[in-house]
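Read the structure below first, then the notes.
The values are calculated or read from the model by the stated rules, or taken from the named source; none is laboratory data. Note that the coordinates shown come from a computational prediction; the quantities given were computed from them, not determined experimentally. Methodologically, a virtual Cβ is constructed for each residue, glycine included, from the backbone with ideal geometry; neighbour enumeration extends over all protein chains shown. SASA here: full protein model, heavy atoms, side chains in, ligands and nucleic acids out. Shrake-Rupley method; radii C 1.70, N 1.55, O 1.52, S 1.80 Å.
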Amino acid sequence: MKNTFSDSKQIREVSTFYELVNLNFQGDINAVCWYRNLVGDFKEIVDKLQLKENVTEVSVEDLLALKLSEEGNLARDIILSDIQLLTDFGALPSLNLLKNYERDEELDFISTDVYSYHIDRSPIETDTFLCTYHGPASDILPHDQVEQKIWIPEIREELKKLHDGPEAEFENFLEDYFFDLHYQPKPDAKPVNLGSGHLWRLAVDHPTQQVLPCVHRAPVEKEGEYRLLLIC
């Protein structure tokens with residue numbers, strides 16, 4: 001197996017789905033990659049799917065209804081297999097055809113959309129799984145290359161003005177509106193792009209998590225190019 005991501009101390013590569021879901025996060029490792037070189041024409045699937053909204057969920061029935069070439073069939077079989085593997089594991093995978101996500105333009109001093117580096121949080125024990133089959137892929141960064149936005153002095157001051165309430169309730173305000181989930185990359189940050197075809201498992205912030213959650217962001221989509229993303 002080619003260790004494309006071996007230079008990153010936060011990533012562990014595996015070669016099977018079993019290893020992907022059973023490897024324990026520990027130390028700096030908060031991202032696991034089932035590294036794969038997929039065969040098949042995923043662009044054909046994207047071209048034949050119908051975009052109904054900027055983010056369109058694609059059902060198994062939608063996939064099965066497509067008339068595809070041999071290469072397209074190979075790609076569809078891989079997607080269906082991934083969906084089945086994750087479903088059998090107990091996850092709820094969603095296949096999305098993406099033009100773009102909604103942008104957060106309400107505040108000019110802080111961004112809290114998925115294009116901003118952020119962590120996922122859950123009240124229950126879970127992980128984030130994702131695979132980009134077509135189009136640009138997400139980036140991740142280790143915690144020593146980011147700074148939590150709520151601790152950047154000028155942003156914190158603006159957030160205090162926005163809160164305009166008792167100091168004792170400020171931290172709760174930051175959590176309630178998810179400001180504490182977002183991070184600013186440091187000037188020397190070196191993002192790792194998750195690439196195409198690999199199935200990833202990223203650590204989520206929850207009470208039983210033993211490692212820091214994985215900081216990641218969605219890519220800015222290219223004009224006229226859609227993403228095909230499996231996520232749960």
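Can you find even one residue in segment 137-144 that is over 17 Å from Ile11 (Cα atoms) and either open to solvent by 20 Å² or more (accessible area, probe 1.4 Å) or of a type in the set (Phe, Trp, Tyr) (or both)? Lay out the reasoning, then the answer.
Narrowing segment 137-144 to residues over 17 Å from Ile11 (Cα atoms): none.
For segment 137-144, residues over 17 Å from Ile11 (Cα atoms) and either open to solvent by 20 Å² or more (accessible area, probe 1.4 Å) or of a type in the set (Phe, Trp, Tyr) (or both): absent.
Please indicate, with yes or no, whether at least one residue in segment 123-130 is in contact (Cβ under 8 Å) with a residue 24 or more places away in the chain, surrounded by fewer than 16 Cβ atoms within 10 Å (Cβ to Cβ) and among the aliphatic types (A, V, I, L, M). Within segment 123-130, one or more residues are in contact (Cβ under 8 Å) with a residue 24 or more places away in the chain, surrounded by fewer than 16 Cβ atoms within 10 Å (Cβ to Cβ) and among the aliphatic types (A, V, I, L, M). Residue count for segment 145-188 satisfying the condition of being open to solvent by 80 Å² or more (accessible area, probe 1.4 Å), of a type in the set (Lys, Arg) and free of Cβ contacts under 8 Å to residues at least 12 places away in the same chain: 1.
Yes/no matrix, rows are residues, columns are (1) in contact with a strand residue (DSSP E or B) (Cβ under 8 Å, 6 or more places away or on another chain); (2) part of a loop (DSSP other than H, G, I, E, B):
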site	(1), (2)
Ile79	yes, no
Asp82	yes, no
Thr87	no, no
Leu107	no, yes
Ile110	yes, yes
Cys131	yes, no
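Look through Asp180, Asp205 and report the one residue that is charged (D, E, K, R) and over 17 Å from the mean Cα position of the chain (by Cα). Working first, answer last.
Working: Asp205 fails: over 17 Å from the mean Cα position of the chain (by Cα).
Unique residue meeting the criteria: Asp180.
Checked across segment 92-110, the condition of being open to solvent by 60 Å² or more (accessible area, probe 1.4 Å), within 30 Å of Arg156 (Cβ to Cβ), in contact (Cβ under 8 Å) with a residue 40 or more places away in the chain and within 21 Å of the chain's Cα centre (by Cα) holds for at least one residue. Among the conditions (1) open to solvent by 30 Å² or more (accessible area, probe 1.4 Å); (2) among the charged types (D, E, K, R); (3) without any contact (Cβ under 8 Å) to a residue 60 or more places away in the chain, Arg76 misses just one, which is (1).
Only residues that are closer than 18 Å to Thr128 by Cβ and either open to solvent by 90 Å² or more (accessible area, probe 1.4 Å) or in contact with a Leu (Cβ under 8 Å, 6 or more places away or on another chain) (or both) were counted across segment 8-28, and they come to 7.
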